[in-house]
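The values are calculated or read from the model by the stated rules, or taken from the named source; none is laboratory data. Worth saying up front: this structure is predicted, and the values here are computed from it rather than measured. Because the Cβ atoms are built from the backbone with ideal geometry, glycine has one as well, and the counts that use them run over all protein chains shown. Heads up: the accessible areas ignore ligands, DNA and RNA and are worked out on the full protein's heavy atoms, side chains in. Shrake-Rupley method; radii C 1.70, N 1.55, O 1.52, S 1.80 Å.
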Amino acid sequence: QVQLVESGGGLVQPGGSRRLSCAASGFTGNYYAITWFRQAPGQEREGVSCISNAEPTTYYSDSVKGRFTISRDDDKNTVYLEMNSLKPEDTGFYYCAARTTYYYCKGPGFTWTSGFGSWGQGTQVIVSP
């Protein structure tokens, strides 16, 4: 029932920046966790960052920590992923996913990459000279 639409991908040079958007709709409750995932060609999908409106803590993979920032705009029902200092290994399709059954990023029985059932279609990021 939750609909997610990613946007903002494109071609960017190494060292450049890009902001991805995840527009959400269809929430029936007040709280959610949203995680950005990415998948490089031929690679497994990996979690990038998680944010929840039920807690102040955000979560990042080690590979993007310090370079990416996740944020939300409640008025626009949108979660953002600001990507800085991009590297070629950041290339891939980026997806946002929502979990409302357990709306903290992590907790008992949950990690910030588990249990996400609603997914967007993805937006492609290519980091290349």
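Observations on the model:
- Residue in the stretch 3-10 that is outside any helix (DSSP H, G or I), within 21 Å of Val127 (Cα to Cα) and charged (D, E, K, R) present: yes
- Of all residues in the stretch 105-129 being among the hydroxyl-bearing types (Ser, Thr, Tyr) and surrounded by fewer than 18 Cβ atoms within 10 Å (Cβ to Cβ), the one that is farthest from Gln1 (Cα to Cα): Ser128
- Long-range neighbours under 9 Å by Cβ, at least six apart or interchain, first residue among the aliphatic types (A, V, I, L, M) within the stretch 69-89, second in a loop (DSSP other than H, G, I, E, B) and open to solvent by 80 Å² or more (accessible area, probe 1.4 Å): Leu86/Gln13
- Sole residue being at pLDDT 95 or above, basic (Lys, Arg) and touching a helix residue (DSSP H, G or I) at 6+ places or on another chain (Cβ under 8 Å), chosen from Arg38, Arg67, Arg18: Arg38
- Condition broken by Gly66, with the remaining ones in (1) on the phi < 0 side of the Ramachandran plot; (2) open to solvent by 60 Å² or more (accessible area, probe 1.4 Å) satisfied: (1)
- Among the residues of the stretch 23-44, those identified as in contact with a Gly (Cβ under 9 Å, 6 or more places away or on another chain), surrounded by fewer than 18 Cβ atoms within 10 Å (Cβ to Cβ) and either closer than 22 Å to Val2 by Cβ or in contact (Cβ under 8 Å) with a residue 60 or more places away in the chain (or both) are Ala23, Gln39.
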